[in-house]
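Data block below; observations after.
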Amino acid sequence: MNRDEIGELAAAYALGGLEGAERARFEALLQADDHDAVTALRDFEDTLAGLAAAAPETPPSGVKAALMERIAAADERAGAAGRPLPRRRAIWPAVLSAAMAAGLAAIVVGWTVSARYEKRLDALARDADRLKADLQGQQEIITILRDPATQMVALAGLPPAPAARARMLWHAKAGGLFVTTGLPAAPEGKAYQLWAIAGGNGPVSAGVFNVDASGAGTLSVHPLPGVATVDAFAVTLEPAGGLPAPSGAMYLLGKS
């Protein structure tokens, strides 16, 4: 059971709304002096005490009797287990009755549960967005691979990184995917830049990338305006962000 689940159980337990197996689980944590459970229960008691002080209304006569019966039953179960539960504060009858009369119990539980579930939903939404982006990228690669017009260009390492290797999947209308390994980490303030060398037009930037600790890197390449045929692909080391034309040492080169 994680801390968020313990907090939710503590909120319901503090308001007398925990029943059955969940109540037994939470009381077992209290009997074991579980730090998270004891702290969460204490925090909710403090919160409810403050809320009750702001709305001191007298509840119906039956509310107090019902509350005392629930407390007595809990004490009997604890006694049968051989260890008492942490003592509840004497202000609880007034706290709970005031909260019930003013509708504050629903507010406290709503705040707690809503905030935690909103965080979970936000995390799930971010995960879903990442999965959608990954799936879209994979579908684009599959589409490129199935097209007979797709070129696969192998790039070999040059003197600055002779062990480096790379592959470029290239489709003039759909773009492509560049994958490399064996490149050294770029110095601070530098990055690798991929170039498409197209006939007499000179090198055209196809994007900037970095590599991880193992020297591997990838780059999704969009279609290059005005470039129908690529004669070669090359990688140079340039200032971070790239340049309009290559200026640094060439690390990889491959002809299509």
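The values are calculated or read from the model by the stated rules, or taken from the named source; none is laboratory data. In this text, all values refer to a predicted model and were calculated from it rather than measured experimentally. We place every Cβ from the backbone using ideal geometry, glycine too, and count neighbours over all the protein chains shown. To get the accessible areas, we keep the full protein, side chains included, count just its heavy atoms, and leave off ligands, DNA and RNA. Shrake-Rupley method; radii C 1.70, N 1.55, O 1.52, S 1.80 Å.
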Entirely in the stretch 190-256, the strands (runs of 3 or more DSSP E) that have 3 or more residues that are of a type in the set (Gly, Ala, Ser) and more than 14 Å from Met168 (Cβ to Cβ): none
Arg165 being open to solvent by 90 Å² or more (accessible area, probe 1.4 Å), at pLDDT 80 or above, in contact with a Ser or Thr (Cβ under 7 Å, 6 or more places away or on another chain) and not hydrophobic (A, V, I, L, M, F, W, C): yes
Selected residue (criterion: modelled with the lowest pLDDT) from residues of the stretch 1-48 that are β-branched (Val, Ile, Thr) and open to solvent by less than 50 Å² (accessible area, probe 1.4 Å): Ile6
Any hit, the stretch 170-185, residues being assigned to a loop (DSSP other than H, G, I, E, B), surrounded by fewer than 16 Cβ atoms within 10 Å (Cβ to Cβ) and either touching a Lys or Arg at 6+ places or on another chain (Cβ under 6 Å) or modelled with pLDDT of 90 or more (or both): yes
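Being out of contact with any helix residue (DSSP H, G or I) (no Cβ under 9 Å at 6 or more places or on another chain), modelled with pLDDT of 85 or more and either over 18 Å from Leu224 (Cα atoms) or open to solvent by 100 Å² or more (accessible area, probe 1.4 Å) (or both) is the requirement here; does Leu135 meet it?
Values: out of contact with any helix residue (DSSP H, G or I) (no Cβ under 9 Å at 6 or more places or on another chain): yes; modelled with pLDDT of 85 or more: no; either over 18 Å from Leu224 (Cα atoms) or open to solvent by 100 Å² or more (accessible area, probe 1.4 Å) (or both): yes.
In short, no.
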Neighbours by Cβ (under 9 Å, 6+ apart or cross-chain): first from the stretch 143-157, on the phi > 0 side of the Ramachandran plot; second at pLDDT 85 or above and of a type outside the set (D, E, K, R): none
